[in-house]
Amino acid sequence: MITLVEQSQKVEPSPAQMMDWYRQMALIRQFELRCAQSYQQQKIGGFCHLYVGQEAVAVGSIAAVRPTDYIITAYRDHGHAIARGMDCQSLLAELYGKASGCSHGKGGSMHFFDREKNFFGGHAIVAGHVPLAVGLGWAIKYRKEDRVVLCYFGDGAMNQGAFHEALNLAGLFKLPVIFMVENNGYGMGTHVQRASAVSELKLRTGDAYGIPGKHVDGMDCLAMYEMTLAAAQYCRAGQGALFIEVKTYRYRGHSMSDPQKYRTREEVASYQEHDPIGRLEKLLRTKNLLDDAKVQAINNEIHAHVEEAHHQADAAPFPQTDDVWNDVYANPYGPYRL
Ligand SMILES: Cc1ncc(C[n+]2csc(CCOP(=O)(O)OP(=O)(O)O)c2C)c(N)n1
Ligand SMILES: [Mg+2]
């Protein structure tokens, strides 16, 4: 039975909440554009996957869970970390390999982490973190805690063995995990229809693992909020795990080096017409919460914030050579126990 989701009452977010989501999405967009620039300036090394276009997914869904709930995601993690409230300076410092970075400069773009904010990464191996989400869900159930896990992954991850082993256990033990696939249409350059035997992803977990699948428009922040709120209620009520297929789109290449021969400019433009930030902006304008001057002021404020974070991160020191083995392996008796 998926009664809680089916009967989810319409939630009308407050003007302050919607304005906050608008700011968060605009912050993620500007942060990512700064990353692209810093990458070209060779301040960022290694892999770097941008979240431009997908902002409404992280912002709408993370707004619907509590700070005590666990968040875990794959390598396209900048947007989730910002929506979870991580500080831009510690994120940029991480990208620049600095000791003040959230993972002490040793994780980089794909390994953002914040134990205090219950943000469990940032994971580079496709689907490698889905079993970890199930472990977190198991811990919650074992300890009888009032928490849920929000686990994000890409459409490509659903064809990995680890995903299926993990979902089987989550279904079997009715664990409080929201599995959220960010279906942006592609795994690197391969379209989902060329990789998945059943391309309507929400159908893939119900019969197989007893985990009901839902569908939501990932370009709509309010829809994301509403769906995730209902999903969290479902998990908190002890009904088990839920799967949500989020239809979204990335505007930029898979990573920083992607000639994008697998799609046309027209295809990208057709999604940009439904831009999640533009969409919320339109709504806020109709409610007289935004006008040209306010939009400009918000963008200027965010620009100044990101530039300040960039300057501080740029000036920060690199880790010491002596620190090379610190924070690599966990001390099971140390402070980082769950
Ligand atoms: C186990 C594994 N195989 C291959 C890769 C290389 N790889 C990195 S990202 C990626 C595509 C994943 O696509 P998707 O899950 O749809 O996420 P998206 O990039 O669209 O967010 C692949 C194959 C990897 N990191 N891990
Ligand atoms: Mg994808």
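Given a 1.4 angstrom probe, what's the average accessible area per residue across the chain, in square angstrom?
Working: 15900 Å² over 338 residues.
About 47 Å² of surface per residue is accessible.
Would you mind classifying segment 104-176 by shape? Square roots of the alpha carbon gyration tensor eigenvalues, ordered a ≥ b ≥ c; an a/c under 1.5 is rounded, otherwise it is prolate if a/b is larger than b/c and oblate if not. Walk me through the intermediate numbers first.
On the way: a/c = 2.76, a/b = 1.18, b/c = 2.33.
It comes out oblate by the Cα gyration axes.
Leaving out same-chain residues fewer than 8 places away, which lysines sit with a Cα under 18 Å from that of residue 294?
Within reach: 282.
One quarter of the convex hull surface, Cα atoms only: what value does that give for segment 34-159 in nm²?
Working: hull surface 31.2 nm².
The directionally averaged projection comes out at 7.8 nm².
Can you compute log10 of I(q)/I(0) for the chain with the Debye formula, treating each Cα as one identical point scatterer, at q = 0.06, 0.11, 0.14 Å⁻¹?
Listed by q, the Debye log ratios stand at -0.20, -0.71, -1.17.
Any idea what log10 I(q)/I(0) is at q = 0.20, 0.24 Å⁻¹ for segment 203-294, Debye with uniform C-alpha scatterers and no solvent?
Ignoring solvent entirely, the Cα scatterers give -1.01, -1.12.
Quick one: give the max-minus-min coordinate of the C-alpha atoms of segment 185-338 along each principal axis, largest first, in Å.
52, 51, 41
Would you list 113, 47 from the most to the least accessible area, probe 1.4 Å? Before the final figure, lay out the partial values.
Working: 113 80, 47 135 Å².
Correct descending sequence by accessible area is 47, 113.
Wrap a convex hull around the Cα atoms of segment 263-312, take a quarter of its surface area, and give that in square nanometres.
On the way: hull surface 20.2 nm².
Averaged projected hull area, Cα only: 5.1 nm².
Give, rounded to the nearest 20 debye, the magnitude of the charge dipole that the chain has about its Cα centre when Lys and Arg contribute +1 at Cβ and Asp and Glu contribute -1 at Cβ. Before the final figure, lay out each step's value.
Details: 34 positive and 37 negative charges, 118 e Å.
So the dipole magnitude of the chain works out to roughly 560 debye.
Using θ = phi - 60° and the Karplus relation 6.51 cos²θ - 1.76 cosθ + 1.60, list the HN-Hα couplings for segment 189-199 in order, rounded to whole Hz, with x at every Gly or Pro.
So the J values, rounded to whole Hz, are x, 9, 5, 4, 5, 9, 10, 10, 4, 10, 8.
To the nearest 10 Å², what's residue 257's accessible area with a 1.4 Å probe?
Residue 257 exposes around 100 Å² with every protein chain in place.
Can you work out the FRET efficiency for the pair residue 258 and residue 326, with r the C-beta to C-beta distance and R0 = 41 Å, to the nearest 0.05? Mind dumping the intermediate values first?
Numbers: r = 34 Å, r/R0 = 0.83.
That gives a FRET efficiency of 0.75.
Ordering 138, 21 from largest to smallest accessible area (1.4 angstrom probe), what's the sequence?
Details: 138 115, 21 5 Å².
From most accessible down to least: 138, 21.
Run the numbers on the chain and let me know its relative contact order in percent, using alpha-carbon pairs under 8 Å that are six or more apart. Kindly include the intermediate steps, with their values, before the conclusion.
On the way: 599 pairs, mean separation 77.0, N = 338.
Relative CO of the chain lands at 23 percent.
Just name one of 99, 45, 172: the one whose Cα is farthest towards the positive end of the charge dipole of the chain (beta-carbon charges, Lys/Arg +1, Asp/Glu -1).
172
Going by amide H atoms built from the backbone, whose H comes under 5 Å of the H on residue 121, apart from near neighbours?
73, 114
What GluC sites (Glu not before Pro) does segment 90-148 have in DSSP loop regions with at most 16 other beta carbons within 10 Å? Walk me through the intermediate numbers first.
Working: sites: 94, 116, 145; in loops: 116, 145.
Counting only loop positions with at most 16 other Cβ atoms within 10 Å, the GluC sites (Glu not before Pro) in segment 90-148 are 116, 145.
Could you derive backbone 3J(HN,Hα) for segment 47-59 from the dihedral phi with the Karplus parameters 6.51, -1.76 and 1.60 (θ = phi - 60°), listing whole Hz in sequence and x where the residue is Gly or Pro?
After applying 6.51 cos²θ - 1.76 cosθ + 1.60, I find 6, 7, 10, 8, 9, 4, x, 9, 4, 5, 5, 5, 5 Hz.
Roughly speaking, what is the centre-to-centre gap between segment 25-102 and segment 220-281 when only Cα atoms are used, to the nearest Å?
Using only Cα atoms to place each centre, the spacing works out to 16 Å.
Carbon and sulfur together cover what percent of the accessible area of the chain at a 1.4 Å probe radius?
On the way: 8400 of 15900 Å².
Of the solvent-accessible surface of the chain, carbon and sulfur hold 53 percent.
List the residues, sorted by chain then number, that are 5 or more residues from residue 215 or on another chain and whose placed amide H is less than 5 Å from its amide H.
Here 245 satisfy the definition.
How large is ³J(HN,Hα), in whole Hz, for each residue of segment 81-97 in order, when computed from phi with the Karplus curve 6.51 cos²θ - 1.76 cosθ + 1.60 and θ = phi - 60°, using x for Gly and Pro?
With the stated coefficients, segment 81-97 comes to 5, 5, 5, 7, x, 6, 7, 4, 5, 6, 6, 5, 4, 5, 5, 8, x Hz.
Would you work out if segment 166-243 is rounded, prolate or oblate? Take a ≥ b ≥ c from the square roots of the eigenvalues of the alpha-carbon gyration tensor; rounded if a/c is under 1.5, else prolate when a/b is larger than b/c, oblate otherwise.
On the way: a/c = 2.60, a/b = 1.29, b/c = 2.02.
Note, shape of segment 166-243 comes out oblate.
Skipping prolines and chain starts, which residues have an amide H placed within reach, meaning under 5 Å, of the one on residue 318, given they are 5 or more residues away or on another chain?
When sequence neighbours closer than 5 places are left aside, the close amide H contacts are 99.
Any idea of residue 82's accessible area? Nearest 10 Å², probe 1.4 Å.
Rounded to the nearest 10, the figure is 10 Å².
The values are calculated or read from the model by the stated rules, or taken from the named source; none is laboratory data. Values in this document were obtained by computation on a predicted structure and should not be read as measured data. With ideal geometry, Cβ positions are generated from the backbone for all residues, glycine too; neighbour counts draw on all protein chains shown. Remember, those area values only see protein heavy atoms, side chains included, never the ligands or the DNA or RNA. Shrake-Rupley method; radii C 1.70, N 1.55, O 1.52, S 1.80 Å.
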